[in-house]
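A.B. asks: Quick one: the structure is below, questions incoming.
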Amino acid sequence: MEKWRSSQRILRNYTKTLISHRFNTNHNNSPNISSSGKQGFYTNSYDLRDYRGRSSTTVNQNCRNLQYRLFGSTTFEVQRNPSFATLNSEDVNRFKEMLGEKNVIEDEDRLATANIDWMRKYKGFSKLLLQPKSTQEVSEILKYCNSRCLAVVPQGGNTGLVGGSVPVFDEVIINIGSMNNIISLDKVSGILVCEAGCILENLDSFLLNEGFIMPLDLGAKGSCQIGGNVSTNAGGLRYVRYGSLHGSILGLEVVQANGTVLDMLGTIRKDSTGYDLKQLFIGSEGSLGIITKVSILTPPRLSSTNLAFLACKDFFSCQKLLSESKRKLGEVLSAFEFLDNQSMDMVLTYLDGVRNPLPPSVHNFYVLIETTGSNETHDKEKLEAFLLHSMESGLISDGVVAQDINQASSFWRIREGITEALMKAGAVYKYDLSLPVEKMYNLVEKMRIRLGQRAKVLGYGHLGDANLHLNISTPEYDDTVLAQIEPFVYEWTSSHRGSISAEHGLGLMKANKIHYSKSPETVELMISIKKLLDPNRILNPYKVLPHSLVQE
């Protein structure tokens with residue numbers, strides 16, 4: 001008890017320093033600042049200008065072949081599908097007739113931004129960006145492109161990590177950001193209907209005033225769009241509480257490759273009439289159709305939120321703490337995140353103003369536990385009783401509970417700032433894996449043995465849903481390092497029946513590696529579905545599925 005009280009005293013002193021820094025730090029240089037984080041807490045997304053990584057792309061004069069050196073994956077060659085047409089002036093004029101001149105973008109500067117992902121690892125060569133404002137316009141675009149066999153890439157906030165939202169060659173970019181209207185909200189059921197270009201944070205802000213909350217929360221919430229979230233089946237910090245978008249999404253409106261509009265925009269929770277076709281498009285990364293509208297179940301926004309930042313001596317204690325929290329916190333548990341000491345050191349070293357909540361020691365592991373409920377007194381007492389018991393039983397070495405929103409945001413800043421810190425540190429190899437909880441950290445330890453002093457290996461992620469973010473940091477990209485990482489990391493994950501993509505999708509980076517998670521028969525069926533729905537293969541080519549097999 002005395003140790004816990006001591007931690008509370010540390011907390012109060014720490015809060016003063018942190019709040020003072022927060023209000024004196026200029027964040028204006030970051031392009032994607034989120035003004036609210038957990039239940040209104042502050043979070044900050046990532047500044048591209050701090051990225052020091054490099055990529056090399058070899059392109060022949062006619063843009064027919066690319067040799068990709070993606071550094072998060074081994075070198076591979078992609079050949080442009082020879083059946084695709086090349087954009088010409090007649091096409092551009094036709095699009096201007098459809099959309100109006102201002103929504104047909106040929107400006108080089110704007111195209112430069114749309115042709116590259118936010119981590120600057122994937123770069124395409126599109127000469128045209130289209131900005132439709134309605135489902136009808138998307139339909140007209142796809143109908144025309146399909147007739148001409150012009151390949152397209154759907155794009156939202158372009159916050160992905162696997163190259164899924166940027167062109168590979170000269171695909172026409174269809175950005176749906178102008179389709180950002182909220183259509184309706186049922187204030188009894190919480191069912192929200194909106195267009196696919198709505199920014200996630202804007203939706204959450206709208207729901208705040210109505211007493212509801214979005215069931216997903218991402219570090220890129222200030223830029224990412226709900227259509228892209230659904231297309232990649234994004235996970236995030238609230239997954240342990242609200243589950244997958246496969247459960248939250250009640251309906252979709254999707255435009256097929258030939259321009260046909262599929263109206264599956266249901267607003268009821270129970271419907272057993274035939275095949276649940278909307279599920280095909282959740283997580284398909286725009287390869288089967290372009291999502292234009294979304295119907296999503298939003299849960300009530302509860303009034304009581306508590307956040308604890310805890311230290312554990314080993315990963316087994318983290319596992320045990322997770323198991324105990326599910327039993328003893330039950331219905332109020334809303335997030336369970338972990339990071340190791342390498343992750344903490346990276347954040348403390350490279351992010352200005354971040355402080356260790358548990359000074360002076362650096363512990364082996366850290367856990368963030370968030371609870372959300374409707375009774376502040378009950379919820380706080382429940383959390384504190386759980387933490388006291390966990391400390392007395394040795395699961396927790398130290399810990400603090402946030403006393404206000406500012407402090408809670410500072411705790412989340414540590415967890416959500418790891419990616420930003422890694423980008424500032426130099427080169428980074430990123431892997432997003434689902435593994436059995438008891439095996440998750442074994443992979444981190446094995447990678448440290450394989451790489452020795454050549455790299456820093458970080459392990460963090462969503463422990464509550466068994467999602468490991470394995471990140472390997474080096475001063476610069478190195479082929480010998482990559483050879484030690486791949487294919488070992490995929491083979492190890494496959495041997496434990498894990499997934500090589502827990503929440504980031506496959507995109508271009510992992511399209512040819514899907515077999516590590518899916519059987520040949522399953523992949524063959526996926527390809528058959530792709531060919532059925534998109535016979536000309538114009539939708540987001542070279543992504544999700546092995547491109548050599550799709551083009552056969």
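A.B. asks: Identify the residues of the stretch 170-208 with backbone N under 16 Å of a label point that sits 7 angstrom from the Cα of Ile268 along the Cα-to-Cβ direction, or state none.
C.D. replies: Backbone N within reach: 189, 191.
A.B. asks: Rounded to the nearest percent, how much of the accessible area of the stretch 182-297 (1.4 Å probe, protein heavy atoms only) is carbon and sulfur?
C.D. replies: Result for the stretch 182-297: 52 percent of the exposed heavy-atom area is carbon or sulfur.
A.B. asks: Continuing with this model, one more query. Could you tell me whether the stretch 280-435 comes out rounded, prolate or oblate from its Cα gyration tensor? Rule is a ≥ b ≥ c as square roots of the eigenvalues, rounded for a/c under 1.5, then prolate if a/b exceeds b/c, otherwise oblate.
C.D. replies: The shape class here is oblate.
A.B. asks: Could you point to the label whose value was computed as percent of Cα pairs over 38 Å apart for the structure here, given (1) 28; (2) 49; (3) 36?
C.D. replies: The calculated read-out lines up with (1).
A.B. asks: Efficiency by 1/(1 + (r/R0)^6): what FRET value for Arg94 and Asn364, r their Cβ-Cβ distance, R0 = 56 Å, to the nearest 0.05?
C.D. replies: 0.35
A.B. asks: Continuing with the same structure: Hey, which lysines would be in cross-link range of Lys127, C-alpha to C-alpha under 16 Å, not counting anything within fewer than 8 residues on its own chain?
C.D. replies: The reachable lysines, counting only those whose Cα sits under 16 Å from Lys127, are Lys96, Lys102.
A.B. asks: Taking Cα centroids, how far is the stretch 520-534 from the stretch 144-218 in Å?
C.D. replies: Cα centroid to Cα centroid, the span is 25 Å.
A.B. asks: Hey, another quick one. Could you pull out every one of the lysines with an alpha carbon less than 23 Å from that of Lys531, ignoring same-chain neighbours closer than 8 positions?
C.D. replies: In chain and number order, the partners are Lys143, Lys278, Lys510, Lys513, Lys518, Lys543.
A.B. asks: If you don't mind, another one. Of all the accessible heavy-atom surface of the stretch 89-175, with the other protein chains kept in place and a 1.4 Å probe, what percent is carbon and sulfur?
C.D. replies: Looking at the stretch 89-175 in its full context, I get 43 percent from C and S.
A.B. asks: Let a ≥ b ≥ c be the square roots of the eigenvalues of the Cα gyration tensor of the stretch 114-178; is it rounded (a/c under 1.5), or, if not, prolate (a/b larger than b/c) or oblate?
C.D. replies: Oblate, since a/c reaches 1.5 and b/c is not below a/b.
A.B. asks: So, one more: In deg cm²/dmol and to the nearest 500, what is the mean residue ellipticity at 222 nm of the chain if only DSSP H runs of at least 4 residues count, each as -39500 (n - 2.57), divided by the residue total?
C.D. replies: Value at 222 nm, helices only: -10000 deg cm²/dmol.
A.B. asks: With each pseudo-label sitting 7 Å past Cα toward Cβ, what's the Asn406-Arg497 distance in nm, one decimal?
C.D. replies: Computed distance between label sites Asn406 and Arg497 equals 5.0 nm.
A.B. asks: On to the next question. Show me the ranking of peptides 291-300, 126-135, 223-232, 375-384 by mean Cβ neighbours inside 10 Å, starting with the highest.
C.D. replies: 223-232, 291-300, 126-135, 375-384
A.B. asks: Okay, moving on. Check the straight Cα-Cα distances from Lys328 and name the lysines below 19 Å, setting aside those fewer than 8 residues away within the same chain.
C.D. replies: Result set, ordered by chain and number: Lys320, Lys380, Lys382.
A.B. asks: Right, something else. With all protein chains present, how much of the accessible area of the stretch 326-433 (probe radius 1.4 Å) comes from carbon and sulfur, to the nearest whole percent?
C.D. replies: Within the stretch 326-433, the accessible surface is 45 percent carbon and sulfur.
A.B. asks: Testing the spin-label approximation: label points 7 Å from Cα along Cα→Cβ at Asp276 and Arg110. State their distance in nm.
C.D. replies: Going from the Asp276 label point to the Arg110 one covers 4.0 nm.
A.B. asks: Where both residues lie in the stretch 89-175, what percent of DSSP beta bridges are antiparallel, nearest 5?
C.D. replies: DSSP beta bridges in the stretch 89-175 are roughly 35 percent antiparallel.
A.B. asks: Say each of Glu438 and Asn181 gets a label point 7 Å from the Cα, pointing the same way as Cα to Cβ; how far apart are those two points in nm?
C.D. replies: 5.4 nm
A.B. asks: Hey, quick one: spin label on Tyr144, modelled 7 Å out along Cα-Cβ, who in the stretch 168-188 has an amide N within reach, i.e. under 17 Å?
C.D. replies: Inside the label zone: 171-176.
A.B. asks: A further question follows. Compute, for the stretch 304-496, the length of the dipole vector about the Cα centre, with Cβ point charges of +1 (Lys, Arg) and -1 (Asp, Glu) only. Units Debye, rounded to 20.
C.D. replies: My answer is approximately 320 debye.
A.B. asks: Ignoring ligands, DNA and RNA, what accessible area per residue does the chain give at 1.4 Å, in Å²?
C.D. replies: Value for the chain: 40 Å² per residue.
The values are calculated or read from the model by the stated rules, or taken from the named source; none is laboratory data. Just so it is clear, the model here is predicted, and its values are computed rather than measured. Here Cβ is always computed from backbone atoms with ideal geometry, including for glycine, and neighbour counts include all displayed protein chains. With ligands, DNA and RNA removed, areas are computed over all heavy atoms of the protein, side chains included. Shrake-Rupley method; radii C 1.70, N 1.55, O 1.52, S 1.80 Å.
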